[in-house]
Amino acid sequence: MSWRVAMTIAGLDSGGGAGIHADVKTFAAMGVHGTTALTCVTAQNTYEVREAQCLQPPLVKAQILAVWDDMGIDAGKTGMLGTREIIEEVAATVSKLGFPLVVDPVMIAKSGAPLISEDAVDTLKRRLLPVAKVVTPNRHEAEKLTGIKITSVAEARRAAEVIHREFGTEVVVVKGGHLDAPEAVDVVYIGGTFHELATPRLDSRATHGTGCSYSAAIAAGLAKGLPPLEAIKTAKRFIYMAIRYGVARGKGHWPVNPMAWLEMPAERWRTLEELREALEAVERQAEVFAKAIPEVQTNIGYAIDPRYATTREDVAAVPGRIVNYMGRAKPSGPPAFGASDHIARKILAALAKDPQARSAMNIRLDAAYIEKAKSLGMTIAYVDRRREPEDVKKREGATMQWIIEEAYRQTGGKTPDLIVDWGDWGKEPIITVLGKTPREVVEKVLRLIR
């Protein structure tokens with residue numbers, strides 16, 4: 001199957017969070033070839049638009065035709081169009097060429113700056129919406145288009161139907177990010193039927209470029225031949241992930257992260273592969289490792305890229321742990337995400353101190369191992385759980401974080417190679433070995449116990 005081509009007809013955000021930057025990243029993540037027709041250039045960052053200048057309409061048209069004449073356009077989307085004249089030109093050109101168009105009726109930037117002239121709104125309604133296959137207004141844009149005050153899903157439904165009836169757009173998506181509802185509910189009007197697409201509402205600063213990436217994801221789906229509703233459903237999952245794993249940079253609204261759609265599954269695969277390789281090394285030295293397995297058994301964990309690691313489900317470990325079976329270390333099964341609680345909590349706490357401390361393994365506490373670590377120049381922290389505050393002991397799962405914080409306090413913020421946990425009543429003393437990768441952790445353990 002040949003590559004599908006999608007085009008964004010939109011403005012440039014110099015901060016890289018919205019506009020054609022967001023669109024092209026989305027196209028790449030969705031597996032289509034992204035092309036562009038630039039409409040306006042903005043001097044913009046995460047908190048303000050400082051200046052904007054729009055191109056002449058004939059140049060916008062020339063960009064669209066240059067791509068069309070060479071490789072065709074399977075679907076397109078519009079973002080910031082800026083002026084009435086550009087809207088007129090885009091509407092006439094797309095109408096003539098006939099590719100499916102997703103219109104993101106961009107009117108105001110996240111910072112509050114206007115991105116379209118007042119006289120252009122009427123032109124957008126009269127000329128561009130009748131040409132569009134899909135239109136994706138947020139609450140405020142839908143209010144501007146219809147004059148309906150929208151505070152609920154019911155009012156969003158009414159607005160969607162009005163947009164379809166008055167302007168002729170086949171599919172209308174009134175986005176729910178600004179609605180007063182516990183979930184982010186998008187109302188989709190298609191073929192006389194309403195559909196409600198909901199995702200959990202995220203408390204995130206990473207919302208810059210949300211509308212751009214969402215509409216671009218829909219266009220990518222249409223370019224690949226998906227029915228409109230399926231394209232919208234996929235785009236909804238896509239933008240949820242892009243917001244959840246946004247780019248934490250800037251003083252204002254952080255950019256969404258379209259590449260999370262690719263990076264998350266890739267990261268999880270890489271994490272499992274590296275952990276499998278480390279476990280193979282353990283099994284090759286099974287008799288040696290068996291000597292270091294404590295009564296509570298051993299486990300080794302590895303977190304995905306720290307930009308994405310937030311819960312125990314982002315840490316892979318061995319289900320059932322590594323056991324001493326007839327004098328040989330044996331993993332109970334292949335590694336899986338969410339398989340460990342204690343190791344995962346320790347790794348997540350360590351990541352908060354050092355983004356490179358992605359792996360950990362517990363072994364039995366042996367004075368010989370401590371002496372060997374000293375001779376090798378390893379950094380060692382000693383934690384006495386008898387000194388753990390009572391309020392920490394009472395909180396579920398808080399002990400592992402306290403151990404890590406106490407260890408880093410001792411080392412002055414440096415990641416220790418070993419954390420010696422002297423244990424407590426009913427708690428076996430153990431050593432936790434930390435490292436950047438599971439292979440590094442396994443090699444440290446081998447150096448201690450050989």
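Brief remarks follow.
- Top-ranked residue in the range 300-313 [being charged (D, E, K, R) and in contact with a helix residue (DSSP H, G or I) (Cβ under 8 Å, 6 or more places away or on another chain); ranked as least open to solvent (accessible area, probe 1.4 Å)]: ASP305
- Residues located in the range 289-323, provided they are of a type in the set (Gly, Ala, Ser), part of a loop (DSSP other than H, G, I, E, B) and under 26 Å from the mean Cα position of the chain (by Cα): ALA309
- Condition check for THR199 on (1) of a type in the set (Ser, Thr, Tyr); (2) at pLDDT 95 or above; (3) open to solvent by less than 30 Å² (accessible area, probe 1.4 Å): one failure, at (2).
- Scan the range 355-374 for residues that are in a loop (DSSP other than H, G, I, E, B) and open to solvent by less than 30 Å² (accessible area, probe 1.4 Å) and the total you get is 1.
- In this structure, VAL247 does satisfy being open to solvent by 50 Å² or more (accessible area, probe 1.4 Å), part of a loop (DSSP other than H, G, I, E, B) and under 30 Å from THR136 (Cβ atoms).
- Matching entry among GLU287, GLU274, GLU230, GLU263 (being touching a residue at least 60 places away in the same chain (Cβ under 8 Å) and open to solvent by 10 Å² or more (accessible area, probe 1.4 Å)): GLU274
- Checking GLY413, GLY377, GLY397, GLY426 one by one, the residue that is farther than 21 Å from GLY301 by Cα, surrounded by fewer than 21 Cβ atoms within 10 Å (Cβ to Cβ), touching a residue at least 40 places away in the same chain (Cβ under 8 Å) and out of contact with any Cys (no Cβ under 8 Å at 6 or more places or on another chain) is GLY413 and no other.
- Within the range 147-197, tally of residues that are aliphatic (A, V, I, L, M) and in a loop (DSSP other than H, G, I, E, B): 4
- Residue satisfying all of: in the range 324-342; modelled with pLDDT of 95 or more, out of contact with any helix residue (DSSP H, G or I) (no Cβ under 6 Å at 6 or more places or on another chain) and outside any loop (DSSP other than H, G, I, E, B); surrounded by the fewest Cβ atoms within 10 Å (Cβ to Cβ) among these: ALA336
- Summed over the range 183-204, residues that are closer than 20 Å to GLU141 by Cβ and of a type in the set (S, T, N, Q) total 1.
- Exactly one residue among ASP104, ASP74, ASP23 is open to solvent by 10 Å² or more (accessible area, probe 1.4 Å), of a type in the set (D, E, K, R) and on the phi < 0 side of the Ramachandran plot, and that residue is ASP74.
The values are calculated or read from the model by the stated rules, or taken from the named source; none is laboratory data. From a predicted model like this one, the values you see are computed outputs, not experimental measurements. Counting neighbours? That spans all protein chains shown, and the Cβs are built from the backbone with ideal geometry, glycine included. The accessibility values were calculated without ligands, DNA or RNA, using every heavy atom of the protein model including side chains. Shrake-Rupley method; radii C 1.70, N 1.55, O 1.52, S 1.80 Å.
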